[in-house]
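A.B. asks: One structure, pasted below without further comment.
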């Protein structure tokens, strides 16, 4: 082949059809841009159509009272107060557990990565692969795990209605002579039942893989030269992690965690398994209390036969979308504000 | 001592030509000494090292003399950096690395598995090829090492930071902005900050792995002048690819080739009357 090419200088390529190839390449070049524009416009179109249809029906019932009111049988009186409080509570408890466990796992997998030993390395790769897999498991599966592990605790402590252990409840005698158990704000029972805590722990399972993976990526972005510098002046591994790698990775970890939380706040399926559809008209008093969350409340409205409730559901969707937008905006803000070059 | 030696850098593209001044050119001013007559900071005997099956260093024996600058020269892959990485045990991070023989710092066995690596690394300061300050303030960068090892009062830290920055000839340039990010400094200033960070821990020896290879000629001159000052208090081992730099800055030079120590001696002798053929070929640029 190469022996046939004997011309030198600018003529060498023209003999092999350079002119024709330029026209074809320019066509492909423009074609690709057209494909990109089509892909981008189609997703924007779908999104705006969705937004328009929700806004057009949902704005009827949306006012400040809607955010505060309790659910009602009358659509014009219905509100999502308990659902909003429930979402905030569940997400806060979820973050309380998910962030330390997730960031801790990421630090262990990334900074204490095994360098010696064939089997330890394989174990590390196996764990790593499975964390990535867990990120893709449908959230309903986590709901079922949460039901067995958290709500019922494998039946080890009796049933939720007859708990083996209950702390923080005392008998209260009403004026009419009847008595019942009053539960304090720190009420705790085993098994923990279909309460806020069970919901939060289940959501923790849903977002843990995402938190771990994003924290690992943030740690991986910290250049090794900084780690060597810390070790070089006599830092122990923990000093290196706590004083150099982790602080440098914090903006990335925060961004990833906030995005994970915004996923948690929008989850309906696992919450449906844990909380069920309950008509909740009060805010949870303690972590074992019944609760509902925004997606669940929206689902409940949407499946009602009355047409008017579908508009209420649309109002709920607007509120949920606004919250999600807020979370994502916060993530972008933190990324832009605190993201510093590292070297 | 003050000798403008622009001629020493003939090939470098020098933008700020007139500003570059090398304070000292040891190759001209220092009398030759025999390394065996001086106290040893680091003693190396029959020292070999492997990465997996590849032998990186082959039975080296020499001493790095106390309070002198020792340069390690040789073509890429000859084992210079490997040797440095053994002295502060950075090779612990390389799983396949292993070593045999004797490597001692002031009588402490550097290879012992019982050795306290954290304390060893405090005793051995390391300056890396590319400046690698932490994304923290100038002050916190210098105070980082000492704070790892013991609790310091505010005034102790202040003193230590000032002293160390003075040692690194950086104090005057940064004294008004100690709280500014270290990354706002120029490359040469960053490298001097890394030197300050290393000396703040009170090391017994300062290892420099091609400290000027990422710097412009002016910053290089600043670092070299600094080395001449540091020499009064510290033992320095420097790896360099720059022949003129080795000749200008060091008291002793070791020439390594394919993991073997070809020649070790006073810099002046190595660069004027090398005993080995390979050394002569290398320093005259016939290979490498």
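Quick note: the coordinates plus some simple rules give every number you see, no bench work behind them. What you see is a predicted model; the values in this text were computed from it and never measured. Here the Cβ is made from the backbone with ideal geometry for all residues, glycine too, and neighbour counts use every protein chain on show.
A.B. asks: Where does the protein assembly as shown land on the Kirkwood hydrodynamic radius, alpha-carbon pairs, in angstrom?
C.D. replies: Result for the protein assembly as shown stands at 30.4 Å.
A.B. asks: What percent of all Cα-Cα pairs in the stretch B:82-189 falls in each 10 Å bin, counting up from 0?
C.D. replies: Result, from short to long distances: 12, 37, 29, 19, 3 percent.
A.B. asks: Hey, another quick one. Cut-off is 10 Å between beta-carbons; in what order do A:263, B:197 appear when sorted fewest neighbours first? Provide the component values of the computation, followed by the final result.
C.D. replies: Working: A:263 16, B:197 31.
By the 10 Å Cβ count, ascending, the order reads A:263, B:197.
A.B. asks: When only C-alpha pairs under 8 Å and at least 6 residues apart count, what is the relative contact order of the stretch B:162-288, in percent?
C.D. replies: 18
A.B. asks: Please rank A:112, A:186, fewest neighbouring Cβ atoms within 10 Å first, as an exposure proxy.
C.D. replies: Least to most surrounded, the residues fall as A:186, A:112.
A.B. asks: Arrange A:258, B:236 by Cβ neighbour counts within 10 Å, fewest through most, would you?
C.D. replies: So the ranking, lowest neighbour count to highest, is A:258, B:236.
A.B. asks: Here's another thing I want to ask about it. Looking at the protein assembly as shown only, what percent of DSSP beta bridges run antiparallel? Nearest 5 please.
C.D. replies: Bridges in the protein assembly as shown that DSSP calls antiparallel: roughly 65 percent.
A.B. asks: May I ask you to list the residues of the stretch B:42-63 whose amide nitrogen lies under 11 Å from a point 7 Å from Cα along the Cα→beta-carbon direction of residue B:106?
C.D. replies: Once the point is set 7 Å along Cα→Cβ of residue B:106, B:42 turn out to lie under 11 Å by backbone N, inside the stretch B:42-63.
A.B. asks: If you take every DSSP beta bridge whose two residues both sit in chain B, what share of them, in percent to the nearest 5, is antiparallel?
C.D. replies: Numbers: 25 of 42 bridges.
Restricted to chain B, the bridges split so that about 60 percent are antiparallel.
A.B. asks: Another question about this same structure. Normalised by the residues of chain A, what does the relative contact order come to in percent, with Cα pairs under 8 Å and at least six apart?
C.D. replies: Result for chain A is 24 percent.
A.B. asks: For chain B, what is the relative contact order in percent, using Cα pairs closer than 8 Å and at least 6 residues apart in sequence? Could you put the intermediate results ahead of the total?
C.D. replies: Values: 551 pairs, mean separation 78.9, N = 288.
Relative contact order comes out at 27 percent.
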